[in-house]
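This report refers to the structure that appears directly beneath it.
Where a number appears in this text, it was derived from the coordinates with a stated rule and is not lab data. Only a predicted model underlies this, so the values are computations on that prediction, with no experimental measurement involved. Positions of Cβ are backbone-derived with ideal geometry, glycine not excepted, and every protein chain shown enters the neighbour counts.
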Amino acid sequence: MKTTINEHERRDFVSGVESMLHDKLSNCYQCGKCSAGCPVNFEMDYTPNQIIKMTELGMADTVLNSKTIWLCVSCITCSTRCPKGFEVTGIMDVLREIAVKKGINSKAEREVQLFHKIFLENIKSNGRISEFELVRKYNLKTKHLFKDMFLAPKMLEKGKLKIHGVKISNLNRIAKIFKDFE
């Protein structure tokens with residue numbers, strides 16, 4: 001892993017993030033409300049406000065290799081709590097996208113990346129989420145075959161889990177959306 005970064009690389013990283021984010025990193029004044037409200041910060045290696053500051057400082061290697069960007073569940077609690085309206089969830093999306101483009105594969109978070117991939121494939125093939133298919137494929141690929149299996153009977157009974165997902169009628173529109181973002 002690269003430990004030093006020159007000023008030109010730092011500026012390129014910061015301006016690239018800001019361009020994709022459509023916001024200035026300096027708009028975050030480090031109040032910490034995002035981190036205090038984050039429901040998964042106890043699992044993160046850096047808090048959301050630390051990620052923002054390290055990104056602003058151009059610490060690309062640290063940020064792109066962090067667990068935090070992959071553990072963000074995009075619940076938007078952070079963005080809602082921000083007194084400046086900074087899109088904390090957005091920066092996590094941008095950093096994940098950059099990490100994927102650079103081929104950075106966090107060993108600790110391969111399962112999170114796999115979940116995202118299966119989730120998007122599920123949307124591509126059905127036009128919407130089929131929870132049963134999503135969980136089945138995820139558990140097979142991660143070899144967690146019986147994980148959460150005890151939840152299925154109750155969910156099926158209450159109609160919260162459908163064995164056969166529903167496909168939308170016009171999958172061409174979904175294909176176009178995915179094509180536009182490639």
Point to revise | the chain - convex hull of the alpha-carbon atoms, volume per residue in Å³ | key: 146
Point to revise | Selected from GLY159, GLY37, GLY16 as most flexible by GNM, with the chain as the system and alpha-carbon contacts under 10 Å | key: GLY159
Check your understanding: Which percent of Cα pairs goes in each bin when the distances of segment 108-180 are cut into 5 angstrom slices starting at zero?
Key -> 3, 16, 21, 21, 19, 12, 7, 1
Check your understanding: Quick one: if the Förster radius is 35 Å, what FRET efficiency do LYS147 and ILE168 give, using the C-beta to C-beta distance and rounding to 0.05?
Key -> 0.75
Check your understanding: Which of GLU18, GLU131 comes first, and how do the rest follow, when ranked by fewest Cβ neighbours within 10 Å?
Key -> GLU131, GLU18
Practice item. Within segment 49-85, which residues have the backbone N less than 14 Å from the label spot 7 Å out from GLN30 along Cα→beta-carbon, could you tell me? Key: 49-59
Practice item. Among MET155, GLY127, THR80, pick out the residue whose Cα is farthest towards the positive end of the charge dipole of the chain, where Lys and Arg carry +1 and Asp and Glu carry -1 on C-beta, about the Cα centre. Key: MET155
Point to revise | Top of LEU95, LEU64, LEU145 by mean-square fluctuation, Gaussian network on the chain, Cα under 10 Å | key: LEU145
Check your understanding: Listed here are the pairs LYS33/LYS147; LYS24/LYS53; LYS84/LYS117; LYS101/LYS179; which of them are more than 23 Å apart at the Cα?
Key -> LYS33/LYS147; LYS84/LYS117
Point to revise | Qualifying aspartates and glutamates (Cα of each under 19 Å from Cα of LYS137; at least 8 residues distant if same chain) | key: GLU109, GLU111, GLU121, ASP148
Check your understanding: Of PHE115, PHE42, PHE150, which is the most mobile in a GNM of the chain whose springs link Cα atoms less than 10 angstrom apart?
Key -> PHE150
Point to revise | Inter-label distance for THR80 and GLU121, nm, one decimal - labels placed 7 Å from Cα along Cα-to-Cβ | key: 3.2
